[in-house]
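Here is the structure we will look at.
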Amino acid sequence: MYEGAIQDLIDELGRLPGVGPKSAQRIAFHVLSADPADVNRLAGALRKVKDLVRFCTTCYNVAESEQCRICRDPRRTDEVLCVVEEPKDVVAIERTGEFRGRYHVLGGAINPLEGIGPDNLRIRELMTRLGSGTVRELILATDPNTEGEATATYLALMVKPMGIAVTRLASGLPVGGDLEYADEITLGRAFEGRRAI
């Protein structure tokens, strides 16, 4: 244990997802020895992201204006809607270049052990979007793990009576994995081979 400001920094860094105690300590000492201009740039970027970035009012992707660039793009089709858990999943799918539709970001997945149920996600907003009658296919691109599968099954049951084709990404994605870690080829093939559920 260190004292004062350095320990406070280690503690705060350790609260970040994926940063354990050793990594937090390493990052803190890197910041301590870094050029002050670099540290100020990092602090400025953190302040800027908190001040400027918000969620798109249509799809809930990250945006710096009312709508994200994908929702503002008139070249994309409104007939296919891809449901993902987090904004990072939108980036992973966009890297494939395979999808030209719109997105809906749920903000997580159903996980009863963590106290996350359907009401904690943006499912109500999704159902409102689907109620417009524009969407012909709903692609469920939740993570291929227990929570993602539960969320996909729940959504499929909710949407089926609406007469909208519901598909799920095909195999090729590892079970228990996250979309953001899939390479472009694997994710692209999964998109091409999606199947009805």
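Every read-out reported here was derived from the displayed coordinates using simple, explicitly stated rules and does not represent laboratory data. The model shown is predicted, which means the values in this text are computed figures rather than measured ones. As a convention, Cβ positions derive from the backbone with ideal geometry for all residues, glycine included, and neighbour counts pool all protein chains shown.
Observations, loosely collected:
- Along the chain, longest interval not containing exposed GluC sites (Glu not before Pro), exposed being DSSP loop plus at most 14 other Cβ atoms within 10 Å: 99-197
- Reduced Cα scattering model of the chain, Debye log10 I(q)/I(0), q = 0.09 Å⁻¹: -0.43
- Proximal lysines relative to Lys48, as straight alpha-carbon distance under 27 Å, when same-chain residues fewer than 8 apart are discounted: Lys88
- Whole-Å distance, taken between Cα centres, linking region 12-67 and region 171-196: 28
- Magnitude of the charge dipole, the chain, Cβ model with Lys/Arg +1 and Asp/Glu -1, debye to 20: 640
- Choice from Ile123, Ile185, Ile110 with maximal GNM fluctuation in the chain (Cα, 10 Å cutoff): Ile185
- Inter-label distance, nm, simple model (7 Å from Cα along the C-beta direction), Glu64/Glu94: 1.2
- With each label modelled as a point 7 angstrom along the Cα→C-beta vector, the Thr77-Asn40 pair spans 5.1 nm.
- Theoretical gain in end-to-end length, Ser132 to Glu114 [0.36 nm per residue, Cα-Cα removed]: 3.2 nm
- Angle in degrees between helix 87-96 and the longest Cα principal axis of the chain, rounded to the nearest 10: 70
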